[in-house]
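Trainee: After the structure tokens below, expect a handful of questions from me.
The values are calculated or read from the model by the stated rules, or taken from the named source; none is laboratory data. Since we're looking at a predicted model, the values are computed, not measured. Glycine also receives a Cβ, built like all others from the backbone with ideal geometry; neighbour counts cover every protein chain displayed.
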Amino acid sequence: MKARVPADDSPLGTFEEQVMLAVLRKGNEAYATSVRRELEKVTARSIAIGSVYVTLDRLEAKGLIASTREQRDDSISRRLFVVTAEGARSLAATRAMRDRLWEGVELRRLLKNA
Amino acid sequence: MTGMPSFAAWCLRRLLPYAERDEVIADLDAEYRARRRTRGWLSAAAWLGYQVAGSLPSLVTRTAWRGWTGFEPEANRWQPGGPMFETWLMDLRYSARRLTRRRTYALMAILTLALGAGGTAAIYSIVRAVLLEPLPIRDEAAVGVFWSPFDWTEEEFLFLRPQLTGFETVAAYRPQDVTLETPGEPLRLIRGIASSAELFDALGTTPLFGRGFQPGDDVVGGERAAILSYGLWQDLGSDRGIVGRQLALGGTPHTVVGVMPRGFWFPTPETRVWVTTPLSFERRSGQYALVGRTSGPAADQMDAQMRGIGQTLGGRFQYPPQWDKTRSPALTGVREYLLGDLRPGLLAVLVAMGVILAIACVNVAALMLGQLGGRSTELALRTALGAARQRLVQQLVSESLLIGAAAGLVGAAIAAGGFTMLLRLLPLGALGERATLDWSLFWAAMAFALAAAMMIAVVPSMAMWRTNLQGTLATTRTGGVGARGGRLEGALVAGQIALAVLLVAGAGLLIRSVANLRAIDAGVDPRGVVVADMTLPTHLSNDQRRAAIAAAIPVLEQLPGVRAVGATIKLPLRGSGQNWGIRIPGRPEVSSTTTAFRTVTHEYLDALRIPVRRGRGFVASDHENSERVVVINEALAAKYFPDEDPIGRRIDTGFDGGERIIGVVGNAAEAQLTDGAVPARYMLYEHVPPVWHEVTFVVAAERAEDLPRLLDLTRTVLQQNTRNLALQRMMTLDSVFDLAVGAPQRVATLLSVLAGLALVLGAVGVYGVISHFVSRRTRDYGICMALGLAPRRVVSEVVARGLVLGVIGSALGLIAVVFGANRFSTLLHEVQPADTQALLGAVLILLTIAVTASFIPAWRASRTDPSTVLRQQ
């Protein structure tokens, strides 16, 4: 399953972005269940394994992450994920786009009233 | 500590990709255990439930589009070019090749299914429109028709009208066919009803637009109102502005007040106009029927009220004992009254269609079974090579689907064509406006027949070759039939013969019944007589009408090849009607009774060859100014002059002074054919003051071969030479006969078509099964003959088997006929349900088919050279 370069620099979806960030945070311990746990811990909401799994799959198909199979001592074979350079570029672009959007946005007054 | 519930594990296992499912499930399981330990069972279960349920949508979507392995998308199986599609395509192609090679089998199966389903759908659609649709009458259970229909006078109705207890409203009506004159178009005769003002209140129907009749429409001197049927309104141009306009009906201007909705009919579907008629106490004649809407109870629960009405009548009118109207008062439900006589005939046709469908099922099953038997080697071999059962079934299903699709196309054409044909052939009138072809029934019948055939044929054979693969392959190698005795095939043949016997014998009974009807002596010679129905304009006086009739006679007599020309107000076999009161001087007991009364011209009796038994017929010296004379028939003589010579006695019809009887003639069927001889009397137009506005001319040809030419000549002459006579229709006396025998004959025609169909289908099935049975044993016979068995023995063995099956089937069919025929005995005229001729005929025909179907393949088998057969393997 060779990485497919996305035709455009379309920004990542929110959940895709979250999953990629969780993969980065887990370092070389990033597999489906640990990514789900990390997301649950940080976002403080329940996340179904299926949606994580499908998102990881899709990101890999887009070439934004890559996976390797690793045989551990405890005999459970795991599929470990790492973010590719392409993925890093995409994350950075998404963040830059968001930052541009945030420029000049003033929320403090609205939050005070809330 | 237990792991996660097995259902959750099963769900995840089904949906997660093969490569990772163990890993993910193990992780989830570990977390489930941990949660259960720390937070309790309920919380862990809720978490797991969320994990599974929340994962389903995304995992299902992913599985569908990418597959378990990522290489084999599940969705592709259903996409064009996908594996599933590919196997179906492959099987369909294979089936198509097989079917084109076995053309007879394919054609038989397709035609059988198409005829069965298409025919059933067409007939059922007609039957539904006629029998099953609600009558166009509101709350029909409360509507009923009084006893002695068409025997009520205006005086009786007007007397009863204000004192009918238990009824909301009661209307009087009688058939009145009227002429319709529209500018620029020829005069035409339309079926109509003359009624009192209450008719549409009693029926509870309102017009599509305009109004119904109102009180006051039926008083003497009031304006005449007319309501048109939807069909007539369309014929007149579908103009809503017609309401309020005047229409010349029967020469009298009527105001159109309304138009009935599409599909409305009463009392017959052919009725096209309803008019009010002025009612008068003075009028003791007028043959009305009374239809009433009860004030609540169903029409068949009105016995007490009807008895009361009978007593009221008896208190006012004196009835002679033989015509006592107060004796059996009753109210007949309107549905039973209007449709009663149609029901058994149509039910018989419906049953016949069911039988046809059953034959079709059995037939296709037998054909499929034969095919499967021949393919057991192939199927067993494919199983042995690893074909899954699913794939084998798919192959058989695809073949049935191909047959079904082709039969669907052919059957749809048969259904549509048959339906249109039946609509045209049957006199449905307004009923036809509502009839639509029932496609859902067609597809249901098609699917049912196909599914039933597959159930019968495929299931047992599947069981056979799957349980005994080795045996199947072994017997195949030796080419023998093995242990299977063909019991199923035998049962199918017997069942098929039973169904065919049922249908053919039923049709036979009906055909015999119609033949009996025809055999009744009508008293007239119908051969070579032209019948021309004419109308006289209603504005002419009686004398002008009489002159118009008299003027037409010599013109017709001039035509070449004419034997005799006559005219009458009503022909025999056209039902009762024109019954006029009779009084015999010195015989007060026959004061208020009627007999059939026919005004005729001099040569009328001669033209119809009604024989003079005593005295004389009319002669030229009986003219306008001579003594008024009458000719009576034998039935009248026997009824009123039982022990004396009627010649010279007098009868009084009410024309001053009465008339003298000059002759007695043979009985002609002056009512329905089945009514037998009714008393009737004949008088000359010259001696009867009132002249009816309808007249029927009869032109008898010298030779029957001249009839078509004479028909054309008569038409030309009548259209050219007569100004005061409008030609309505022309026919031959033979077709008047046909009309009189009509209803049972139509049913018999339909049934004989169906019986013919059943015969063909049955023969095909029987032939197919028996010949297949024999051809599979050809090798056995070859061996037997090689060992010295006489070819004759082979033939006799096979034929005996066919005969045994035929006898069993016929016995079953005969039992069914005898039970079923009692149900339809009203259709049978002087034929017993167990009529030996019809039943024996059916059995003989089918036994002959069974024997022939056995003989031909057996004879072929006996002629085969044993060495050829043995070499074939």
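Trainee: List every residue pair whose Cβ atoms lie under 7 Å apart, where the two residues are 6 or more positions apart in sequence or sit on different chains, the first residue falls within the range A:92-114 and is touching a residue at least 40 places away in the same chain (Cβ under 8 Å), and the second residue, located anywhere, is surrounded by 10 or more Cβ atoms within 10 Å (Cβ to Cβ).
Mentor: Qualifying pairs under 7 Å: A:Ala93/A:Asp9; A:Ala93/A:Pro11; A:Thr94/A:Pro11; A:Thr94/A:Leu12; A:Thr94/A:Glu17; A:Met97/A:Pro11.
Trainee: Which of the following residues is modelled with pLDDT under 85, assigned to a helix (DSSP H, G or I) and of a type outside the set (Asp, Glu): B:Val52, B:Val60?
Mentor: On inspection, the qualifying residue turns out to be B:Val60.
Trainee: If B:Gln234 passes every condition in (1) modelled with pLDDT of 85 or more; (2) buried (at least 20 other Cβ atoms within 10 Å of the Cβ); (3) of a type outside the set (A, V, I, L, M, F, W, C) but one, which one does it miss?
Mentor: Answer for B:Gln234: the failing condition is (2).
Trainee: Looking only at residues in the range B:1-19 that are out of contact with any Phe, Trp or Tyr (no Cβ under 8 Å at 6 or more places or on another chain) and within 11 Å of chain A (Cβ to nearest Cβ), which one is nearest to A:Ala48 (Cα to Cα)?
Mentor: Here the answer is B:Leu12.
Trainee: Here are the criteria: (1) within 41 Å of the chain's Cα centre (by Cα); (2) modelled with pLDDT of 75 or more; (3) among the β-branched types (Val, Ile, Thr); (4) more than 20 Å from B:Gly495 (Cβ to Cβ). Tell me which single one B:Thr826 does not satisfy.
Mentor: (2)
Trainee: Considering only residues that are closer than 17 Å to B:Ala44 by Cα, part of a helix (DSSP H, G or I) and facing chain B (nearest Cβ under 9 Å), which ones fall in the range A:37-52?
Mentor: A:Arg37, A:Ile49
Trainee: Please go through the range B:612-634 and give me each residue that is exposed (fewer than 15 other Cβ atoms within 10 Å of the Cβ), in contact with a helix residue (DSSP H, G or I) (Cβ under 9 Å, 6 or more places away or on another chain) and modelled with pLDDT of 90 or more, ordered by number.
Mentor: Listed by number, the list holds a single entry, B:Arg613.
Trainee: Please go through (1) away from chain B (no Cβ under 11 Å); (2) surrounded by fewer than 12 Cβ atoms within 10 Å (Cβ to Cβ) for A:Met97 and return the number of the only condition it doesn't satisfy.
Mentor: (2)
Trainee: State all residues of the range A:8-29 that are within 14 Å of chain B (Cβ to nearest Cβ), closer than 15 Å to A:Val83 by Cβ and at pLDDT 90 or above; if no residue qualifies, say none.
Mentor: Pass one, the range A:8-29, residues within 14 Å of chain B (Cβ to nearest Cβ): A:13, A:15-16, A:19, A:26, A:29.
If we keep only those that are closer than 15 Å to A:Val83 by Cβ too, we end up with A:16, A:19, A:26, A:29.
Scanning the range A:8-29 gives A:Glu16, A:Val19, A:Lys26.
Trainee: So, one more: One residue is enough: does the range B:404-422 have a residue meeting the conditions at pLDDT below 80 and either outside any helix (DSSP H, G or I) or on the phi < 0 side of the Ramachandran plot (or both)?
Mentor: Scanning the range B:404-422, I find at least one residue that is at pLDDT below 80 and either outside any helix (DSSP H, G or I) or on the phi < 0 side of the Ramachandran plot (or both), so the answer is yes.
Trainee: With the requirement that a residue be surrounded by 19 or more Cβ atoms within 10 Å (Cβ to Cβ) and within 12 Å of chain A (Cβ to nearest Cβ), what does the range B:33-56 give you?
Mentor: Within the range B:33-56, the first condition is being surrounded by 19 or more Cβ atoms within 10 Å (Cβ to Cβ), and the residues that meet it are B:36, B:44, B:48, B:51-52, B:55.
Scanning the range B:33-56 gives B:Leu48, B:Gln51, B:Val52, B:Ser55.
Trainee: With respect to B:Thr179, determine if the residue is outside any helix (DSSP H, G or I), modelled with pLDDT under 90, assigned by TED's automatic domain parsing to the domain that holds B:Ala225 and in contact with a strand residue (DSSP E or B) (Cβ under 9 Å, 6 or more places away or on another chain).
Mentor: yes
Trainee: On to the next question. With respect to B:Leu160, determine if the residue is closer than 22 Å to B:Trp274 by Cβ and assigned to a helix (DSSP H, G or I).
Mentor: Yes; evaluated as a whole, the condition is true for this residue.
Trainee: Could you list, in sequence order, all residues of the range B:556-571 that are outside any strand (DSSP E or B) and touching a strand residue (DSSP E or B) at 6+ places or on another chain (Cβ under 9 Å)?
Mentor: Matches in the range B:556-571: B:Leu556, B:Glu557, B:Leu559, B:Gly561, B:Ile569, B:Lys570, B:Leu571.
Trainee: Just to confirm my filter: which strands (runs of 3 or more DSSP E) fall fully inside the range B:193-303 and include at least 3 residues that are β-branched (Val, Ile, Thr)?
Mentor: B:252-259, B:273-276
Trainee: Just to check your reading of the model, which residue among A:Leu64, A:Leu56 is closer than 21 Å to B:Gln51 by Cα and within 12 Å of the chain's Cα centre (by Cα)?
Mentor: On inspection, the qualifying residue turns out to be A:Leu56.
Trainee: What pairs can you find where one residue is in the range B:20-32 and on the phi < 0 side of the Ramachandran plot and facing chain A (nearest Cβ under 9 Å), the other is of a type outside the set (Val, Ile, Thr) and surrounded by fewer than 19 Cβ atoms within 10 Å (Cβ to Cβ), and their Cβ atoms are less than 7 Å apart, with a gap of 6+ or different chains?
Mentor: Cβ pairs passing all conditions: B:Glu23/A:Ser77.
Trainee: Taking the range B:383-403, which residues are of a type in the set (Val, Ile, Thr) and either at pLDDT 85 or above or not assigned by TED's automatic domain parsing to the domain that holds B:Val364 (or both)?
Mentor: Going through the range B:383-403, the residues of a type in the set (Val, Ile, Thr) turn out to be B:383, B:393, B:397, B:403.
Result: B:Ile403, single match.
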